[in-house]
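Worksheet: one structure, shown below.
The values are calculated or read from the model by the stated rules, or taken from the named source; none is laboratory data. Quantities reported herein were computed from a predicted structural model and do not represent experimental measurements. Using ideal geometry, Cβ is built from the backbone for each residue, glycine included, and neighbour counts are taken over all protein chains shown. Calculation scope for accessible area: heavy atoms of the full protein, side chains included, ligands and nucleic acids excluded. Shrake-Rupley method; radii C 1.70, N 1.55, O 1.52, S 1.80 Å.
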Amino acid sequence: MKEGMKESALGLYIHIPFCLGKCAYCDFVSYPYDPEAAAGYAKALAQEIYLRGREYSENAVRTIYLGGGTPTCLPPAMLKRILTLLREHFPVSPEAEITVEANPGTVSNELLESLLSAGVNRLSIGMQSTEDRLLRLLGRRHTAAEGVRAVESARAAGFRNVSVDLLFGIPGQSTGDWGESLAEAVALGPDHISAYGLEVYGETPLGRAAAAGKITICADETFREMYFQATDYLNGSGYVQYEISNFARPGMESRHNLIYWEGKPYLGLGPAAHSYIGRRRWANTAGLKTYCDALAERKFPVVEERVLTPADEMAEVMFLGLRLTAGISVSCFRSRFGLEPAAVYGARISRLVAQGLLEADRDRLRLTREALPVANQVFAAFV
Ligand code: SF4
């Protein structure tokens, strides 16, 4: 264990780098599922859990998040083994929030029962759309009906905390289509909804199709309209917006994701996973082979590491904290850094307030409603 880390609770993120196939818009680190590669990965991950567990054996773990990739494309027994190893090597709190991301095409009763028996208490289901036409365009390997069935099966199996992910701004998606997707998702009664705007990256099949003029990227104005359509509809349906893209029934916010936005410590395991502990940020290699090779030699697969300066930390508090609708607390900033945000970023804050992108009251700085769909413009001011 590192000195000074004794009292800090940790969030654990495990990156599962396999998917059934690559979606047309995907820019994440994922490889096609292959049993042999998955077995090699599981062995390397077990080694990383063992090595990091020795280092952080006294840090209570309050959240675990298995993300990807598609965690649920691994055999249920392998996922269960990963969770067992985490409990063996880290002090996982009995009340820990344990989330697994699931692709609707992989959700079976066997999987759900196995996850529940392994202590998983939150399922995040990547529905993305309730229209088969749009799911096909996105290259998703599931149908709209499978998305609905995944949520219903999770409930029937006993999951009391279910989240769904939805995408808007999909080429060919109208505001009417988006309204229907929102209504259908809400009708399923999830506890949490993430509504993300689709980003089309150049080096993806969707990006190449756009460059070739085969599809039309959603216009900025429509994107903005869809964003507010989601915030208004979800806020009016009992979901409280607590982050730019995240909405929850009261008390059902993602405790794991709040760790990132509140600047608390987390440890990432697996290829491409990032960690932030005690002012240090580091990233694992994204390469599956280099990840496995490093751990076979009992070495950490870290490729980037840096110690944050106080200026870095202040900037992070600003651009991560501003993601939350509650914004940042001026008094917390002052007690942590001995300075007011205005003393550090005075001109920038004044400019953003004048532009109607930031608002300040006695103790809080937060994005305005207008700034929410263009938040990256605001964050750029603090980098
Ligand atoms: S399921 Fe997610 S991680 Fe996997 S290819 Fe699709 S978008 Fe990428």
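Among the residues examined, residue 71 does not qualify as within 16 Å of the ligand (Cβ to nearest atom), touching a Pro at 6+ places or on another chain (Cβ under 6 Å), within 30 Å of residue 139 (Cα to Cα) and open to solvent by less than 10 Å² (accessible area, probe 1.4 Å). The criterion of at least 1 residues that are hydroxyl-bearing (Ser, Thr, Tyr) is met, among helices (runs of 4 or more DSSP H) falling completely within segment 309-383, by 330-337, 341-354.
Taken residue by residue, segment 25-33 has no member that is open to solvent by 50 Å² or more (accessible area, probe 1.4 Å), among the hydrophobic types (A, V, I, L, M, F, W, C) and more than 16 Å from the ligand (Cβ to nearest atom). Just one of the numbered conditions (1) assigned to a helix (DSSP H, G or I); (2) within 19 Å of the chain's Cα centre (by Cα) is not true of residue 164: (1).
Listed by first and then second residue, the pairs linking a residue in segment 212-223 that is of a type in the set (Lys, Arg) to a residue that is not in a loop (DSSP other than H, G, I, E, B), with Cβ atoms under 9 Å apart and 6 or more places separating them unless they lie on different chains, are 214/208.
Here 36, 48 are screened, and the one residue that is farther than 25 Å from residue 87 by Cβ, at pLDDT 95 or above and more than 16 Å from the ligand (Cβ to nearest atom) is 36.
Contact annotation: residue pairs with Cβ atoms under 7 Å, 6 or more positions apart or on different chains, pairing a residue in segment 327-349 that is hydroxyl-bearing (Ser, Thr, Tyr) with a partner that is in a loop (DSSP other than H, G, I, E, B), are 329/363; 331/363; 345/382.
Candidates in segment 7-22 are the residues that are under 22 Å from residue 78 (Cβ atoms) and part of a loop (DSSP other than H, G, I, E, B); of these, the one that is least open to solvent (accessible area, probe 1.4 Å) is 17.
Considering 330, 303, the condition of being β-branched (Val, Ile, Thr) and touching an Asp or Glu at 6+ places or on another chain (Cβ under 8 Å) is satisfied by 330 alone. When restricted to residues that are within 16 Å of the ligand (Cβ to nearest atom) and open to solvent by less than 10 Å² (accessible area, probe 1.4 Å), segment 59-68 contains 2.
Scanning segment 117-146 for residues that are under 18 Å from residue 230 (Cβ atoms) and among the β-branched types (Val, Ile, Thr), we see that the one that is surrounded by the most Cβ atoms within 10 Å (Cβ to Cβ) is 125. Residues that are part of a loop (DSSP other than H, G, I, E, B), touching a residue at least 40 places away in the same chain (Cβ under 8 Å) and farther than 24 Å from residue 144 by Cα within segment 84-119 comprise just one, 90. Take residue 93 and decide whether it is more than 16 Å from the ligand (Cβ to nearest atom), of a type in the set (S, T, N, Q), surrounded by 17 or more Cβ atoms within 10 Å (Cβ to Cβ) and over 30 Å from residue 223 (Cβ atoms). Spelling it out, it is not the case that residue 93 is more than 16 Å from the ligand (Cβ to nearest atom), of a type in the set (S, T, N, Q), surrounded by 17 or more Cβ atoms within 10 Å (Cβ to Cβ) and over 30 Å from residue 223 (Cβ atoms).
State all residues of segment 187-216 that are closer than 27 Å to residue 124 by Cβ, surrounded by fewer than 18 Cβ atoms within 10 Å (Cβ to Cβ) and hydrophobic (A, V, I, L, M, F, W, C); if no residue qualifies, say none. Selection gives 187 alone.
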